[in-house]
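J.: One structure, pasted below without further comment.
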Amino acid sequence: MDVALFLSRFDNKVDRKGRVSVPAPYRTALAGQAFAGIVAYPSLVSQAIDACDMARIEELANGIDSFNPFSEEYSAFATAILSRSHQLQFDGEGRVVLPEPLIRHAGITEVATFAGQGATFQIWSPERYEVYEPEATEQAKEQAAKFALSRHKGADE
């Protein structure tokens with residue numbers, strides 16, 4: 001099975017019922033998947049919604065299963081990700097209904113920002129994303145400089 005790849009940024013309107021159109025390129029990436037929709041859950045690291053296809057959430061579940069099933073780590077990850085995940089099926093127009101807990105977590109009102117992250121994507125309020133994107137870009141630049149420096153040092157040794 002091909003891995004879905006989510007790229008770019010899109011802003012789509014959210015209607016009064018919480019319905020939002022998933023960007024067409026994302027729906028194309030998801031075509032042929034076993035579940036006709038997405039899996040979404042509150043991000044653990046930002047005020048956004050993390051989303052992916054069913055295969056990706058199964059990978060996460062398998063990773064969680066690698067912990068001792070009686071450990072705090074297992075319980076924490078299973079609770080934070082799996083128990084708060086929502087399977088959101090596409091309607092005939094390629095929309096999903098964002099559940100209220102996810103809308104509240106991300107602070108989404110009238111517009112949702114979809115931001116591709118490769119095998120996953122995030123859904124943000126546009127205002128929060130406008131603050132986050134430059135911060136993330138700056139952090140990535142700093143990490144890239146450190147990475148380049150450490151690779152250069154390794155080549156000199």
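J.: Could you sort the peptides 47-55, 125-133, 71-79, 139-147 by per-residue average Cβ neighbour count (10 Å cutoff), highest mean leading?
T.: The most tightly packed comes first, giving 47-55, 125-133, 71-79, 139-147.
J.: Further question on the same structure: Considering Cα pairs under 8 angstrom that are at least six residues apart, work out the relative contact order of the chain and quote it in whole percent.
T.: Relative contact order comes out at 32 percent.
J.: Calculated from DSSP H runs of 4 or more alone, at -39500 (n - 2.57) each and per residue, what is the 222 nm mean residue ellipticity of the chain, nearest 500?
T.: It comes out at -12500 deg cm²/dmol, rounded to the nearest 500.
J.: If the viscosity is 1.002 mPa s and the temperature 20 °C, what translational diffusion coefficient in µm²/s does Stokes-Einstein give for segment 17-88 when Rh comes from Kirkwood over Cα pairs? Before the final figure, lay out the partial values.
T.: Values: Rh = 13.4 Å.
Diffusion coefficient, whole number: 160 µm²/s.
The numbers here are math on the coordinates, done by the rules we state, and not lab data. Please read these numbers as outputs of a predicted model, since none were measured by experiment. Using ideal geometry, Cβ is built from the backbone for each residue, glycine included, and neighbour counts are taken over all protein chains shown.
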